[in-house]
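Step one of this worksheet: look at the structure below.
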Amino acid sequence: MTVLMFWNIGRRENGTAIGQLCRKYDVDILLLAESAMASTSLVTEINVAAGSSRTYWELPHLGSRVRAFTRYAPGFVETAFDDGHVKMLELRPPIGVPLLIVAAHLPSKLWADSQKQSYRVRRLRQDIETQEAQRGHKNTVVIGDLNLNQFEDALTAADGLHGVIDKTVATRPPRTVDGQAWGYFYNPMWSRMGDDSVGPSGTYWRAGSDLVTHFWNTFDQVLLRPSLLPYYDPRNLVVPDRVGESPILHMGGGGTGLSDHLPVVVALSIEREPGHG
Amino acid sequence: MVESFWTIPDVISARTPVRILREQAAALTEQTKGALVGVVETDRGQFSVNLEVKLEISVPALNDYRFRLLTYHQPVEIIYPGTLETADGNLREIPDENSFISAIKAVLSSELVKNVLISLLSQATAARQLTNQPRLALGYA
């Protein structure tokens with residue numbers, strides 16, 4: 001099982017809390033946004049709290065908005081792409097199929113209107129397809145703070161991520177629009193919305209004064225290419241809302257929470273095909 | 001002396017799944033001279049009340065990379081019947097101790113596990129050789 005965790009920590013550096021979550025969910029690859037703490041200090045705090053003989057180390061930071069840490073030995077994970085907002089990692093684990101991990105922290109709605117956000121997602125799709133072509137596989141998982149809800153056009157449009165609500169739809173042949181075929185992503189975060197879903201109602205809370213306010217948003221997401229669906233079990237997608245007994249969100253008051261975003265954790269059983277090791 | 005109504009089970013000599021798996025874990029560690037380390041852990045299942053007894057291979061040369069060979073989902077109140085989940089995701093019902101031992105033997109001698117051992121041993125050996133090379137060979141002046 002390869003376990004990925006993404007967390008926008010909102011500049012509230014807390015290596016101990018991060019390490020506790022790594023320990024709880026047995027995280028293999030940790031991806032952080034809005035984190036500026038010096039690498040040595042942060043890695044030390046995480047490793048102490050994670051308390052495992054498998055130590056985490058940080059991949060080259062490159063001034064990116066997304067930082068990547070792993071406990072795979074060097075050589076099994078490498079940075080494939082980094083444009084500042086998106087970091088792509090190629091994982092070739094000792095046992096199992098390779099993964100293209102796309103970790104993103106896309107521009108905030110505070111600074112980018114919907115046209116800009118759509119443009120950014122279209123670029124993301126192009127960059128993903130370029131990497132998939134170079135690497136010869138489409139075992140791609142997108143994970144990150146996309147600053148978009150799963151129902152917004154940028155994520156559902158064919159020329160966006162084409163993220164769909166249903167696995168059966170995701171495995172259909174690419175959809176042709178105006179003569180061009182567009183492959184899908186499956187977006188399991190549709191099943192993590194609202195108070196009757198598993199876990200919290202979203203990943204980001206904002207009680208705004210605008211006419212339209214969703215309160216709960218699911219900006220932090222996981223999307224999977226259909227080729228990864230055999231390795232995905234919905235029970236292995238988790239949105240933790242507390243670290244130990246401490247709620248993560250401050251919910252707009254007091255600033256006592258650990259971040260304004262919740263983490264997302266997904267485990268993929270990619271080692272089930274050992275011939276690819 | 002007060003008459004005791006308790007019937008205390010003999011757990012010291014009982015060959016529980018944990019004990020059987022620990023024996024196999026130790027055998028792996030010994031036979032590979034520590035290149036691969038067998039690890040047995042018991043947890044409460046995340047989505048059920050069962051216990052999960054896991055047999056994993058740890059590879060010290062690969063930053064203790066772990067590969068899970070199998071999980072025995074054991075009811076809390078009894079040892080058998082339980083369910084054995086193997087690395088390929090297959091599940092099988094285990095009615096008793098003999099069946100457990102037969103199933104473990106079949107899994108550990110399977111082609112899948114053989115391929116895993118070959119892969120991990122060769123990668124562990126390569127990693128150790130790289131670590132043991134003189135510094136000049138790594139390009140340091």
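Miscellaneous remarks
- Shielding of B:61-73 by partner chains, average beta-carbon count, 10 Å: 4
- As a calculated quantity, the FRET efficiency between B:Asp96 and A:Asp26 at R0 = 30 Å, using C-beta atoms, amounts to about 0.45.
- In region A:116-183, the GluC sites (Glu not before Pro) that fall in loop regions by DSSP, at most 12 other Cβ within 10 Å: none
- For the residues of A:88-97, the average number of beta carbons from a partner chain within 10 Å of their own beta carbon is 3.
- Virtual paramagnetic centre 7 Å along Cα→Cβ of B:Glu41, amide N under 14 Å, in region A:1-41: A:1-3, A:20-29
- Given charges at Cβ of Lys, Arg, Asp, Glu: the protein assembly as shown dipole, positive-most of B:Leu69, A:Leu4, A:Gly179: A:Gly179
- Spin-label pair A:Asp195-A:Ser227: with each label point 7 Å from Cα along the Cα-Cβ axis, the two points sit 4.3 nm from one another.
- Set the Cα radius of gyration of region A:129-197 against 2.2 N^0.38 Å, with N its number of residues, and you get 1.19.
- About the centre of its Cα atoms, region A:98-243 shows a dipole size close to 340 debye [charges on the beta carbon of Lys, Arg (+1) and Asp, Glu (-1) only; nearest 20 debye].
- Region A:1-90: mean projected area of Cα convex hull, nm²: 5.3 nm²
- The alpha carbon radius of gyration of the protein assembly as shown, expressed as a multiple of 2.2 N^0.38 Å, is 1.07.
- Taking all Cα-Cα distances within chain B, those exceeding 26 Å account for 37%.
- Cα-centred dipole magnitude for region B:4-101, charges only on beta-carbon of K, R (+1) and D, E (-1), debye, nearest 20: 220 debye
- As a length-normalised measure over Cα pairs under 8 Å and 6 or more apart, the relative contact order of chain A settles at 20 percent.
- Rel. contact order, % - alpha carbon contacts under 8 angstrom, at least six apart, region B:1-122: 15 percent
- Relative contact order, percent, region A:170-277 [alpha-carbon distance under 8 Å, six or more residues apart]: 23 percent
- Given charges at Cβ of Lys, Arg, Asp, Glu: chain B dipole, positive-most of B:Val40, B:Ser102, B:Ser13: B:Val40
Laboratory data are not the source of any read-out in this text; all were calculated from the coordinates shown. What you see is a predicted model, and the numbers here were worked out from it, not measured in a lab. For neighbour counting, all protein chains shown are included, and Cβ atoms are generated from backbone atoms with ideal geometry for every residue, glycine included.
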